[in-house]
1. Scan segment B:57-72 for residues that are under 27 Å from B:Ala89 (Cα atoms) and more than 7 Å from chain A (Cβ to nearest Cβ) and jot them down.
2. Could you please find all residues in segment A:212-268 being modelled with pLDDT of 60 or more and basic (Lys, Arg)?
3. Quick check on A:Val127: is it within 14 Å of chain B (Cβ to nearest Cβ), of a type outside the set (S, T, N, Q), under 19 Å from A:Ala208 (Cβ atoms) and out of contact with any Leu (no Cβ under 6 Å at 6 or more places or on another chain)?
4. Condition check: of a type outside the set (Asp, Glu), in a strand (DSSP E or B) and surrounded by fewer than 24 Cβ atoms within 10 Å (Cβ to Cβ). Does A:Leu226 satisfy that?
5. Restricting attention to segment B:28-56, report how many residues are more than 7 Å from every other protein chain (Cβ to nearest Cβ), without any contact (Cβ under 8 Å) to a residue 12 or more places away in the chain and outside any loop (DSSP other than H, G, I, E, B).
6. Any residue at all in segment A:108-118 that's surrounded by 19 or more Cβ atoms within 10 Å (Cβ to Cβ) and of a type in the set (Gly, Ala, Ser)?
7. Please determine whether any residue of segment B:102-118 is under 30 Å from A:Lys232 (Cα atoms), facing chain A (nearest Cβ under 9 Å) and of a type in the set (Phe, Trp, Tyr).
8. For A:Glu194, all conditions in the list (1) in contact with a Phe, Trp or Tyr (Cβ under 6 Å, 6 or more places away or on another chain); (2) in a helix (DSSP H, G or I) hold save one; what is the number of the exception?
Amino acid sequence: MLSAQECAALAGVGFRQVSEVIGGVGIAVAPRGFFWTGSSRPNYPAGWQGGPDDGAPPIYTSSTSGSRVPARIMAMRSGLRTASARLVEEARAVGADGVINVRMDQTTSVAAAGASIWSFLATGTAVRSIGRTRASTPFTSALSANQTALALRCGWAPVSYLACPVMAARWVESASRQQERLSSGNGEVVAYAETVNVCRRQAGADFAAASRAVGADGAVLTEMTLELGPAKDLAEVSVLATGTALIRFDDHEMPAPLPVIPMDGDRR
Amino acid sequence: VSAADPSALSEIALRRLNESRDSDVGGRALFTSDLSVNEFLLVREAGFRPLGLVLGSSIYHVGLQTRRWNANQELTTLSQAMYHARELAMTRMAAEANDLGADGIVGVRLQIEFKEFGHHLAEFVAIGTAVKGDTGPVTGETWRNNKNMPFTSDRM
């Protein structure tokens, strides 16, 4: 629902609100970790616990592991994709050119046999141009009405809402496990810190790749959430990066939103 | 198309969008950022261009703190942990920006979150947008700090 002010902001850039739209899907997910790739046994790669002497165990990510994509990531990707696609379908059905304010809610409930059920619900506000040009495919965007208006005034249009899930895992050797003990003093838990850094960077890279794939010129990140797995001997990390891909269109004579004093005195 | 006509903007934007959907995507320059749209636009206005999203994280174990129940005191272990973990996260972010050849990092957000599975573990994460100045500062120096690393700012 948009406020009167937000409706006015949208009208100022040639869009009006059509309706609230949603896209939802529920998926049953087997309760498995990183190395479960769909079959009934885990798929451990050779040497995943590191060398016998002192070699640090390797870090695996779902984006670089080739055919070894965790079943959980497959479920996540398909859930996000389906919910977004249904949102766009609903927007198309009401004659919209785009959806703003897109939010993705994921809820987890536990089914009888210990398997979890993930529900993905994408919600947003469908908008339509007051002009004659129709979008061939409605755009989606996490930006608010005000942010959308501001971006359009400065020559940037939203292209697509992006959600990139990444998982990473690393065996926690005994040296690292020691750092987690209650009795140890201040210090970084290396196994987790390394895995989290790798996973977050990968999510950033995937986010950029996803923006490129939709033909964007830039992308703004909304958030990058982190979840750590429950296992003590395996540092298992899930990151979800969400944001909006933007495209540049031709410059036209529109003033900047706010005057800024350039930090370089020679400019202007 | 006149700028005074509100439908003009949506027209231009949708035409461009349709074009891009039809065309084949080449290897164009692209940036990602954690800035809000207004911040992003203001960065351009101030003479900087965003290079990309940079981040650094530290998972930190906060040690046991002995304390007296009947006195006010600083929790020095906790204080020291905050300083150290923040330093680790910020340094990693700066190193990533340095690799990109950035002059600075703007819109830096530092988040601290104690993880529920063990309440002595916290994640310190710093996320920002690496930027490069279109030109150097008027003083003829560089935008970088005295350690020759990119400057950091929580503002744009």
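1. Just the residues of segment B:57-72 that are under 27 Å from B:Ala89 (Cα atoms), to begin with: B:57-66.
Residues satisfying the conditions are B:Gln65, B:Thr66.
2. Listed by number, the residues that qualify are A:Arg212, A:Lys232, A:Arg248.
3. On the way: within 14 Å of chain B (Cβ to nearest Cβ): yes; of a type outside the set (S, T, N, Q): yes; under 19 Å from A:Ala208 (Cβ atoms): no; out of contact with any Leu (no Cβ under 6 Å at 6 or more places or on another chain): yes.
No.
4. Details: of a type outside the set (Asp, Glu): yes; in a strand (DSSP E or B): yes; surrounded by fewer than 24 Cβ atoms within 10 Å (Cβ to Cβ): yes.
Considered against the rule, which asks whether it is of a type outside the set (Asp, Glu), in a strand (DSSP E or B) and surrounded by fewer than 24 Cβ atoms within 10 Å (Cβ to Cβ), A:Leu226 comes out as yes.
5. 1
6. Checked segment A:108-118: no residue is surrounded by 19 or more Cβ atoms within 10 Å (Cβ to Cβ) and of a type in the set (Gly, Ala, Ser).
7. Among the residues of segment B:102-118, at least one is under 30 Å from A:Lys232 (Cα atoms), facing chain A (nearest Cβ under 9 Å) and of a type in the set (Phe, Trp, Tyr), which makes the answer yes.
8. Exception for A:Glu194: condition (1).
The values are calculated or read from the model by the stated rules, or taken from the named source; none is laboratory data. Remember, predicted model here, so these are calculated numbers, not experimental data. Neighbour counts are summed over all protein chains in view; Cβ atoms, including those assigned to glycine, are modelled from backbone coordinates with ideal geometry.
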